[in-house]
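Here is the structure we will look at, set down as structure tokens.
Laboratory data are not the source of any read-out in this text; all were calculated from the coordinates shown. Just so you know, these numbers come straight off a predicted model, no measurement behind them. Every residue, glycine as well, gets a Cβ built from its backbone with ideal geometry; the counts of neighbours run over all protein chains shown.
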């Protein structure tokens, strides 16, 4: 859509609202000269500006749809996986563990030793919990190396298992390790590698009858699409997770939260609010039903089904605290940054101290809300806390938000203290030690 079309629509909306250019500029915290260039088609409107104008003029998303979303980086989609991912999926279907049969030497296990199996399962479950804690304090790259080693061992153990019940236990552990590896790959900025791990997670989880984890992979795919700015794929993947997760309140809650983020990115405020309300109801139901979800209805009916180790949690361990934070995230994308900042600030108080990656991500979003609503003095202390929390994490998700913040501050460098703040944010949005490819 040519910029002049957006400019004409913006001018018409502004005139109908009986606002001068300077009055609208004050509401969206842009300069009058910038808005004038946009209205006259001499400057491309950004998605952020479109959302702010939508909210200021009560346009119901009609301005946002005139601004094309940023082009998503080329890469394999769910419907067309990469050649490597396709090979892994075929291997998973044939062998159940998602790795080529010739990749690893075979292991030999006793015909049946329940005590040894229980010790192994406990060891790998506890080890995964420790790796999750470690990932809250350091770069994802070395953690991913540790996860990959455990994946190799679990792959061998699953192949060597002498009974279906033991095999399922190792496969379930393997699926959770693959899911965690996908998150670490995403945090490293390696999107294609993350997609391959997610595909493997789904295949292995279904083989293990861990159907809730398999359903959750669609929420993970929606998360990848969110950081590419692809609203349509976010909502499609999240809706698919919701369909597959029927009867599983935790999955339904997480799917609704992700769908709300996609709808906010589209500028659809009414449907976004409905999704957030649905998520709140499902979060309450999940809390009422207990902390864990077990395997899923199909596996629970099996005579040799076992309880899942408590360390194996589907989705974020902070899921009960996500409602307000995601609601604030959505308000920012809907062009209501002041409300977004207030909601995120309240939500951050509910997060446990150990959740440093999640805290850093939403703190960056809080800084964005303050900047977009013109509360520049509030950005400085928020950034001080953020840089402390994010130090050493090398989080691609956090960097993506800092890049947005750097762009927002760049046009405000004439104000006192903003030049230095912009330089700090720009430096934090880059990491010389990361090789973010994919």
Dividing the alpha-carbon Rg of segment 194-241 by 2.2 N^0.38 Å yields what?
1.12
Please arrange 319, 356, 122, 217 by counting, for each residue, the other beta carbons lying within 10 Å of its beta carbon, fewest first.
122, 319, 356, 217
Can you sort 248, 349 by how many other beta carbons sit within 10 Å, fewest first?
349, 248
Once you have the alpha carbon radius of gyration of segment 147-258, what is it after dividing by 2.2 N^0.38 Å, with N set to its residue count?
1.09
Principal axis dimensions, segment 1-40 - Cα atoms, whole angstrom, descending
26, 20, 12
One-quarter of the Cα convex hull surface for segment 323-428, in nm²?
5.9
At 7 Å along Cα-to-Cβ for each site, give me the label-to-label distance between residue 42 and residue 271 in nm.
3.8
What whole number of Å gives the distance from the Cα centroid of segment 354-381 to the Cα centroid of segment 185-248?
27
Would you mind listing how long segment 3-66 runs along its three principal axes, going by Cα atoms, in whole Å with the largest first?
25, 22, 19
With an 8 Å Cα cut-off and a minimum separation of 6 or more residues, compute the relative contact order for segment 324-438 in percent.
21
For the pair residue 415/residue 349, report the inter-label distance in nm, with labels modelled 7 Å from Cα in the Cβ direction.
2.5
Here FRET efficiency (C-beta to C-beta, residue 18 to residue 316, R₀ 60 Å, nearest 0.05) is 0.85
For segment 115-184 and segment 1-66, what is the separation of their Cα centres, given in Å?
51
Going by C-beta contacts inside 10 Å, put 32, 20 in order with the fewest on the left.
20, 32
Rounded to the nearest 0.05, FRET efficiency between residue 148 and residue 243 (Cβ-Cβ, R0 30 Å) equals 0.40
